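Data block below; observations after.
The values are calculated or read from the model by the stated rules, or taken from the named source; none is laboratory data. Model, not experiment: these values are computed from the prediction. Backbone-built Cβ (ideal geometry, glycine too); neighbour counts: all protein chains shown. Please note that ligands, DNA and RNA were not included when accessible areas were found on the heavy atoms of the full protein model with its side chains. Shrake-Rupley method; radii C 1.70, N 1.55, O 1.52, S 1.80 Å.
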Amino acid sequence: MAAPLTSAPFTPARRSAYALIATDLDGTLLRGDDTFSDRSLLALTRVTDAGARHLVVTGRPAPRVRPLLEHLRGRGLAVCGQGAQLYDAGTDRLLWSVTLDRELAETALGKIEAEVGQVYAAVDQDGVDGLTLIEPGYRMPHPTLPALRVGRRDDLWCAPISKVLLRHPDLSDDELAATARSVVGSLATVTMSGPGTVELQPCGITKATGLALAAEHLGVGPADTVAFGDMPNDVPMFDWAGYGVAMANAHPELKAVADEVTTSNEDDGVAVVLERLFL
């Protein structure tokens, strides 16, 4: 657990053009060991105490975000599941969710495997207590995240899902994502959200759709929003927000559309920018 945020006296934030801070988690606000630095927590506390809003916008499903929000003192909204879920931490419920049709998901998997051979799949179930199920051969990119291994692929479809996660034994993430986009069409939206993480989610759903919905609830517009991210799944969020900040460790595709590149997630890149903009 992070140390109490008492290392420096509070300094009121100066006036800033941004009322909403939208941050990805993995590779952005989180360090590689799934923890938040004291500097990042302090910067977020100061700017939110001064009136700005912090919104987590992540590919993680709501059940995997809940414990992290406790460290962030989050009691408001969070965009989860690549935009498929709008989670209210204060009431521990989903205000909005979109599921991926399981028959369409199976069809999409079949089309991908017809092109590249066998892939290994996992699913995030819908709901605030949904499980992550992994089929034989699938390896979790984040070993700290809980997952339940099932005996065969058919077992993945036992309950409504928010997305499918894919891995290929030989292809790179970029190669797998490109092939998936070329054959899946309107069956699903294909995203790449981290090393070893190519995903299928409901067609038309992105981080931008979830962020826009959350911002509407908060009464904030795109021009009032600064967004932070590290992977191609953050591109739609950068397109929507008034200002996009990529981490030094970000994928080249995201850096190409960013307004600014900060230091890495290991070097407090989010805090570096917030301190400049607000403090």
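Only one entry in Gly110, Gly127, Gly81, Gly51 is assigned by the TED database to the domain that holds Leu176 and at positive phi, namely Gly127.
Looking at Leu145, is it closer than 29 Å to Asp33 by Cβ, surrounded by 18 or more Cβ atoms within 10 Å (Cβ to Cβ), of a type outside the set (Val, Ile, Thr) and not assigned by the TED database to the domain that holds Met237? It is false that Leu145 is closer than 29 Å to Asp33 by Cβ, surrounded by 18 or more Cβ atoms within 10 Å (Cβ to Cβ), of a type outside the set (Val, Ile, Thr) and not assigned by the TED database to the domain that holds Met237.
All of (1) part of a loop (DSSP other than H, G, I, E, B); (2) touching a residue at least 24 places away in the same chain (Cβ under 8 Å) hold for Met140 with one exception: (2). The lone criterion from (1) assigned to a helix (DSSP H, G or I); (2) in contact (Cβ under 8 Å) with a residue 12 or more places away in the chain left unmet by Arg276 is number (2). Tell me, please, whether a residue that is assigned to a helix (DSSP H, G or I) and of a type in the set (Gly, Ala, Ser) can be found in region 101-108. Looking for residues that are assigned to a helix (DSSP H, G or I) and of a type in the set (Gly, Ala, Ser), one finds at least one in region 101-108, hence yes. Of the listed requirements (1) surrounded by fewer than 18 Cβ atoms within 10 Å (Cβ to Cβ); (2) out of contact with any helix residue (DSSP H, G or I) (no Cβ under 8 Å at 6 or more places or on another chain), Leu100 misses just one: (1).
For region 186-239, filtered to residues that are open to solvent by 20 Å² or more (accessible area, probe 1.4 Å) and within 19 Å of Asp101 (Cβ to Cβ), the residue that is nearest to the chain's Cα centre (by Cα) is Thr206. Taking (1) closer than 17 Å to Asn233 by Cβ; (2) not in a loop (DSSP other than H, G, I, E, B) in turn, Asp154 satisfies each apart from (1). Residue pairs whose Cβ atoms lie under 9 Å apart, sitting 6 or more positions apart in sequence or on different chains, and linking a residue in region 94-108 that is under 16 Å from Val119 (Cβ atoms) to a partner that is aromatic (Phe, Trp, Tyr) and in a helix (DSSP H, G or I), are Ala105/Trp157; Glu106/Trp157. Consider only pairs whose beta carbons are under 6 Å apart and that are at least six residues apart or on different chains; among these, list those whose first residue lies in region 28-50 and is more than 24 Å from Pro141 (Cα to Cα) and whose second residue is open to solvent by 50 Å² or more (accessible area, probe 1.4 Å) and among the acidic types (Asp, Glu). From region 28-50, the pairs are Ala43/Glu275.
Just to be sure before I move on: is Thr58 open to solvent by 10 Å² or more (accessible area, probe 1.4 Å) and among the hydroxyl-bearing types (Ser, Thr, Tyr) in the structure I sent? Against the criterion (open to solvent by 10 Å² or more (accessible area, probe 1.4 Å) and among the hydroxyl-bearing types (Ser, Thr, Tyr)), Thr58 does not qualify.
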